[in-house]
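In what follows, a single structure is set out as structure tokens and then discussed.
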Amino acid sequence: MKELDFSILIDKPKEVVWVTLWDDHCFRDWANNIDEGTYLLGDLVEGNEIQFISSVNGYGVTSLVPKLVPNEYILFRHASDTQNTGLETRDKQWTGGSESYTLIDKENSTLLTIRSEIPDELVDYFNQAMPIALSRIKYLAENV
């Protein structure tokens with residue numbers, strides 16, 4: 001896996017950006033730019049297990065939330081890859097990786113940084129898709 005960092009400055013306070021990231025409707029909107037039909041299953045609470053699942057192909061990742069500071073930081077540790085809408089395990093493409101979202105105040109704006117461990121074969125794809133997803137997060141936070 002390779003660690004990639006992506007950042008964007010959003011002209012809204014971090015509380016608005018946080019809601020944009022994790023509100024179900026907004027999450028489905030921006031995450032669709034990375035993996036079509038992706039949604040979150042579970043409650044974003046420190047210590048919980050959640051799933052990122054694609055409604056299109058049924059593939060997903062079950063992740064632990066070892067650290068969560070509302071409006072500032074969340075860390076996901078990918079525990080297992082799943083299929084059939086999270087019911088069965090599959091190849092270990094994402095297992096063992098991590099993904100974090102950090103929000104920092106910047107004079108009436110928020111710097112959003114996403115750090116993610118990406119499987120080697122998907123690095124080029126994420127280098128193209130993630131900036132599009134970040135632009136969508138910015139649009140949603142600033143306009144919706």
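The values are calculated or read from the model by the stated rules, or taken from the named source; none is laboratory data. This structure is a prediction, so every number in the text was calculated from the model and none was measured. Positions of Cβ are generated from backbone atoms using ideal geometry, with glycine treated the same way; all protein chains shown enter the neighbour counts.
Some points to look at:
- Filter result (within 27 Å of residue 105 (Cβ to Cβ), of a type in the set (Val, Ile, Thr) and over 12 Å from the mean Cα position of the chain (by Cα)) within the range 38-64: 45
- If you go through the range 114-135 and keep only what is of a type in the set (Phe, Trp, Tyr) and without any contact (Cβ under 8 Å) to a residue 12 or more places away in the chain, you end up with just 125.
- Residue in the range 88-109 that is at pLDDT below 85 and among the aromatic types (Phe, Trp, Tyr) present: yes
- Condition check for residue 59 on (1) in contact (Cβ under 8 Å) with a residue 40 or more places away in the chain; (2) in contact with a Ser or Thr (Cβ under 8 Å, 6 or more places away or on another chain): one failure, at (1).
- The listed residue being surrounded by 14 or more Cβ atoms within 10 Å (Cβ to Cβ), within 17 Å of residue 141 (Cβ to Cβ) and touching a helix residue (DSSP H, G or I) at 6+ places or on another chain (Cβ under 9 Å), out of 20, 38: 20
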